[in-house]
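My structure is below; once you've seen it, I'll send some questions.
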Protein chains: 2
Amino acid sequence: METSEEPLTHRQAEILHFIQSHIGQLGYPPTLREIARKMDIRGISAVRKHLDALVRKGRLIRRKGARALDAESLFPSTVPVPVLGRVVAGIPVNAAENRLDTIAIDPSWIPSGPVFLLRVKGDSMKQAAILDGDYVLVRAKETAEEEEIVVAEIDGETTVKRLRRKDGQFILAPENPDYGEIPVAEGSAFRIVGTVCGVFRPALGASR
Amino acid sequence: METSEEPLTHRQAEILHFIQSHIGQLGYPPTLREIARKMDIRGISAVRKHLDALVRKGRLIRRKGARALDAESLFPSTVPVPVLGRVVAGIPVNAAENRLDTIAIDPSWIPSGPVFLLRVKGDSMKQAAILDGDYVLVRAKETAEEEEIVVAEIDGETTVKRLRRKDGQFILAPENPDYGEIPVAEGSAFRIVGTVCGVFRPALGASR
DNA sequence: CGATAAGGTGATCATTTGTTCATCTTCGCG
DNA sequence: CGCGAAGATGAACAAATGATCACCTTATCG
C-alpha cells in the first residue's frame, strides 16, 4: 500500500532537501526567491518548474499564498497518538473528550490503521513483560485471534489480557499466577477494543 | 534549567494554538490576515500586537517575510534519538558512524542529558520485563547506583544487566535464572556506558 | 482621578511574493 | 535530423503581505 515513488532528478532532490531543512531549522518553508538564492538560480521561474515537478511526483503539496509549501505531511516524521485513559476503568474509546494527552511516536513503530495508547494499571500481565504504569500501543479493532493480547471491555470494565479459548468458551487470561482467569460468560457485555501491538515504559528508574 | 514560562492571556493562548495547529495541519504557518480571519478580528494590527506579545514572552520567533513564524523549535515536539547498535556486541558508543538509525521520541519520555537507544539481544533480563528485540533507552553516563539496570562494557562485550554488589565486589546480575552472574574481576576491562531509563517494544505480535 | 495594559478598528503604503510569457541551452532518443 | 524534457534566464505585473499610524474601548491598579 505504498505510494509509488517516482524518482527525482538530482536537482529536484537538492531542492526538496533544502525545503525540508529550511522547515526543520526555521520552522517555515522558504519563498521561491530564497530557494533560487540557495540553489544559485538567477530566475524564479526555474524554481517554479522544479516545484511543479515535485508536486507532480507527490513529494510536495503547494497551496495558494506565500511560502505555502508542505513537504512534511506526506511523510510525517512523527505520528501523534492519543492517550485515551487508564485501563481497568471503563473507557469510552470513541469519546475524544476522554483524551488525556497526545504522544508523538516514530512512524516506524506504528502499524497501519487506527491506534491509541493506554496506561496500564496493575501487574496482571507481568509475565508478558507488561508492568504497572506501562503504555500499551493498541490497534483499534473489534476482532482478535486466540493467544493475542487484547484490550477488552467486559461488564463495564476495560482490561488488558490474553485472549484464549478454554472448554469451548473464551477467557481473558492474565499473565500472572496471582490473578484468576476471567471467563467470558454468555450473557456478559463483552467487546474487544483492540489488540496490543506495542509496549512503552518511558520512566524506568527514579530520576527524571 | 527551565525557561521561565511567562503566562499567556486567554487570547494569546488561542492565537498560539491556532498557529501551532495550522502548522500541524498544513505544514506552514498562517499569515497575519489568516489569523485575523479565524480569530474574528477585523484589523491586522491587533494580530500584530498579539504576535509581539508572544515573541516577548518567548513563545514565538518571528523573522522578516511572509508567514515567517516559528512556534515549533522553542518546544520541540519530538527528539531524534540515535540507535547505536545491538547489545552484546561491542559498541563504540562515541562513534557516530555506528549509528544504525534514528528514532523520533516524544520529549516527555526522555530524561535530560545525552541518551541513545540500544536493541537488546537475548532474554537475560526477562524478569525485569526486558525482552529480546526490545529497544532500551540509555542515559549515557559513567557511573551508576547499585540495583540500577545498566549498560556496561566488560572485556569487550557490552551487556544490559543489573548492577549489584556481592561479597564486596560488583557483579552484573541477569534477571533470568537461566543465566549466571558476571563478576567484575579486579583486572577486567570494565566500563559503565549508561543506565537504562526506558524500554520500548514496538513490534509486539505478528503483522506490521 | 490618571496611568497603563490588553484588545480592537480602519486605512495607507512600500515591499514581497507568486504568476506568466518569451527565449535559450543541453542532452538523450527515435 | 527533429523532438521533447530538464534546466535556466529575464522581465513585467497583479495580488498578497507586513509595517505603521491614529484612535477607540474596557478593565485594573495606585
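The values are calculated or read from the model by the stated rules, or taken from the named source; none is laboratory data. Everything numeric in this text was worked out from a predicted model, so none of it was measured. We place every Cβ from the backbone using ideal geometry, glycine too, and count neighbours over all the protein chains shown.
Can you tell me which condition residue A:54 does not meet? The list is (1) within 11 Å of chain B (Cβ to nearest Cβ); (2) more than 26 Å from the chain's Cα centre (by Cα), and all the others hold.
(1)
Condition check: over 30 Å from residue B:112 (Cα atoms), surrounded by fewer than 20 Cβ atoms within 10 Å (Cβ to Cβ) and in contact with a strand residue (DSSP E or B) (Cβ under 8 Å, 6 or more places away or on another chain). Does residue A:183 satisfy that?
The answer is yes for residue A:183.
Here is a yes/no grid of residues against (1) out of contact with any His (no Cβ under 9 Å at 6 or more places or on another chain); (2) more than 9 Å from DNA strand C (Cβ to nearest atom); (3) at pLDDT below 95:
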{"position": "A:6", "(1), (2), (3)": "yes, yes, yes"}
{"position": "A:26", "(1), (2), (3)": "yes, yes, no"}
{"position": "A:34", "(1), (2), (3)": "no, no, no"}
{"position": "A:37", "(1), (2), (3)": "yes, yes, no"}
{"position": "A:47", "(1), (2), (3)": "yes, no, no"}
{"position": "A:52", "(1), (2), (3)": "yes, no, no"}
{"position": "A:58", "(1), (2), (3)": "yes, yes, yes"}
{"position": "A:68", "(1), (2), (3)": "yes, no, no"}
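For residues in the stretch A:57-88 being crowded, with 20+ Cβ neighbours inside 10 Å and away from chain B (no Cβ under 14 Å), which is farthest from DNA strand D (Cβ to nearest atom)?
The selected residue is A:87.
Please give the number of the condition residue A:43 fails out of (1) near DNA strand D (Cβ under 8 Å from one of its atoms); (2) more than 14 Å from every other protein chain (Cβ to nearest Cβ); (3) within 20 Å of residue B:26 (Cβ to Cβ).
The number of the failed condition is (3).
Continuing with the same structure: For the stretch B:168-183, does any single residue satisfy the condition of being within 14 Å of chain A (Cβ to nearest Cβ) and assigned to a strand (DSSP E or B)?
Looking through the stretch B:168-183, none of the residues is within 14 Å of chain A (Cβ to nearest Cβ) and assigned to a strand (DSSP E or B).
A follow-up question, please. Consider only pairs whose beta carbons are under 8 Å apart and that are at least six residues apart or on different chains; among these, list those whose first residue lies in the stretch A:65-78 and is not assigned by TED's automatic domain parsing to the domain that holds residue A:55 and whose second residue is within 16 Å of DNA strand D (Cβ to nearest atom) and at pLDDT below 80.
Filtered contacts from the stretch A:65-78: no entries.
In the stretch A:124-147, which residues are in contact (Cβ under 8 Å) with a residue 60 or more places away in the chain and facing chain B (nearest Cβ under 10 Å)?
Across the stretch A:124-147, the qualifying residues are A:129, A:130, A:131, A:134, A:135, A:136, A:137.
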